[in-house]
Amino acid sequence: MFTSHLECPKCSASYDSEQPHQLCVCGSPLLVRYDLERVGARMRKEQVACRSPDLWRYRELLPVIDDRNIVTMGEGMTPLLKLERLGRQLGMTQLYLKDEGVIPTGSFKARGATVGVSRAKELGVKTLAMPTNGNAGGAWALYCAKAGIRAHIVMPKDAPVIPRSECAIAGVSLSLVNGLISDAGTIVAQAVREYQWYDASTLKEPYRIEGKKTMGLELAEQFGWELPDVILYPTGGGVGLIGIYKALTELKQIGWVQGELPRLVAVQASGCAPIVRAWEAQARESEFWENARTCAFGITVPKAIGDFLVLDAVYATQGCAVAVDDDDTLAAEARLASVEGAFVCPEGAACMAAIEKLLAQGWLNPDERVVLLNTGCGIKYPETVRCDPPVLEPGDRLLA
Ligand SMILES: *Cc1c(COP(=O)(O)O)cnc(C)c1O
Ligand SMILES: [Zn+2]
């Protein structure tokens, strides 16, 4: 197709994309590079507009070579909703929600899984392993089941329980660790060395990010190939943010979008905010965050392997990094549901809390076009909602 090679964003080393690769010898993640001149010459906006409403419509900017290797369940082209009522309450005129809650497996991790698993299948991978905070494990378990790839998933024992069920029902090997995703990562790294499995950890294979970048491609298409001013993203490993930046840069290179890129905002929880701390110090990399803890479990990542790429994208777009308290996140989750009918995940709600904070600071202008990325559905997080309704006896009267 249009893939040219894998490239190291740190030391510029180049690798053959037809061989399975993990990290660069220098320890950095590798990124897929395309022959963008050929893509630009061959791909037409009108043609894309007629294709199936899923992320594979951007075929020329995706790394799978043979269509027969594509493992898909119809993920992508999620709704971009204008939040009129909430916008009005906040004095904002162009507030949008991109809702990844309505996607197979209930989180945007399905984007990474469809592309990552398809490409693993194409490269002949038989067994893979991955550490996860839950949603990635659930998605990869189900996509691996469809692909006929054996998967070993390790997640923290405190992770939300529904992804466990996704792993169990998919019939993969699941282990819990009495610790954080970083501890799960150490266990997986050991097993991968010992058994020569394919390591599907965040950014240790170069294809998951190609799936996640399609959020950026979709946003551009949904806005009529214009770009919003600001995109807020709940940042754990940061793959979505790096991916959106990569996607928009590729679109610029093929001439499909013009002008400034949106300011990218990395949203974290104040109980685990290594990227925010690094951004405040204007550092190039983050430091390990001790005793990480937040209700937004998907962003409990004490040290991301791609932290420097997240920070680069934030600096390059004059974005920022902001931490929000769990109380504000839970209040924002309730507000989105009660005002807009959107039952979002706590990670998405954290972005809403961040919007309120950035408005108050004057960093956001109320007339800017602002996109809040909701990365998953609230239905996967029953534990974040307090619910104790009265219990009636048959024949009781309902009080007005
Ligand atoms: C994984 C996850 C995130 C964080 O994604 P990264 O790409 O690792 O930054 C955010 N929200 C939800 C719901 C997730 O599952
Ligand atoms: Zn390198």
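Overview of values
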item: Projected area, mean over directions - region 136-272, Cα convex hull, nm²; result: 10.0 nm²
item: Dmax and Rg, reported as Rg then Dmax, of region 312-355 (C-alpha, Å); result: 12.2, 36
item: Per residue accessible area in Å² of the chain, where ligands, DNA and RNA are left out and the probe is 1.4 Å; result: 41 Å²
item: Dipole axis of region 165-216 (+1 Lys, Arg; -1 Asp, Glu on Cβ), positive-most option in Ala191, Ile209, Leu174; result: Ile209
item: Rounded percent of accessible protein surface that carbon and sulfur make up, the chain, 1.4 Å probe; result: 51 percent
item: For the chain, built as a Gaussian network whose Cα springs stay under 10 Å, the top-fluctuating residue of Asp158, Asp312, Asp199; result: Asp158
item: q = 0.16, 0.28, 0.31 Å⁻¹: log10 I(q)/I(0) that the Debye formula gives for region 293-336, counting C-alpha atoms only; result: -0.59, -1.00, -1.05
item: Mean projected area in nm² (Cα convex hull; one quarter of hull surface) for region 230-307; result: 5.5 nm²
item: About the Cα centre, charge dipole magnitude for region 1-79 (Lys/Arg +1, Asp/Glu -1 at Cβ), debye; result: 240 debye
item: Computed magnitude of the charge dipole of region 288-345 (debye, nearest 20; Cβ of K, R +1, Cβ of D, E -1); result: 140 debye
item: Student exercise, the chain dipole from Lys, Arg, Asp, Glu Cβ charges, in Debye to nearest 20; result: 800 debye
item: Surface/4 of the Cα convex hull for region 1-156, nm²; result: 12.3 nm²
item: Length released on extending from Asp158 to His5, taking residue separation times 0.36 nm less the Cα-Cα span; result: 51.2 nm
item: Length-normalised contact order of region 28-94 in % [C-alpha pairs under 8 Å, at least 6 apart]; result: 25 percent
item: Sites excluded, chymotrypsin sites (Phe, Trp or Tyr not before Pro) in DSSP loops with at most 14 other C-beta within 10 Å, longest stretch of the chain; result: 1-224
item: Region 149-188-region 76-91 distance, computed between alpha-carbon centres (Å); result: 34 Å
item: Over region 103-178, relative contact order from alpha-carbon pairs under 8 Å, at least 6 apart, %; result: 30 percent
item: Lys/Arg +1, Asp/Glu -1 at C-beta; the chain dipole; positive extreme among Pro389, Ala316, Val125; result: Val125
item: Rg(Cα) / (2.2 N^0.38 Å) computed for region 20-90, rounded to two decimals; result: 1.59
item: Listed residues Asn291, Asn133, Asn69, most fluctuating in the chain (Gaussian network, C-alpha, under 10 Å); result: Asn291
item: Mean separation of Cα contacts under 8 Å (6+ apart) over length of the chain, as relative contact order %; result: 17 percent
item: Computed label-point distance, nm, for sites Leu176 and Glu393 using a 7 Å Cα→Cβ extension; result: 3.9 nm
item: Range of Cα positions in the chain per principal axis (Å), largest first; result: 68, 47, 45
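The values are calculated or read from the model by the stated rules, or taken from the named source; none is laboratory data. Bear in mind the structure is a predicted one, so any value in this text is a computation, not a measurement. Glycine also receives a Cβ, built like all others from the backbone with ideal geometry; neighbour counts cover every protein chain displayed. All accessible areas refer to the heavy atoms of the entire protein, side chains included, with ligands and DNA or RNA removed. Shrake-Rupley method; radii C 1.70, N 1.55, O 1.52, S 1.80 Å.
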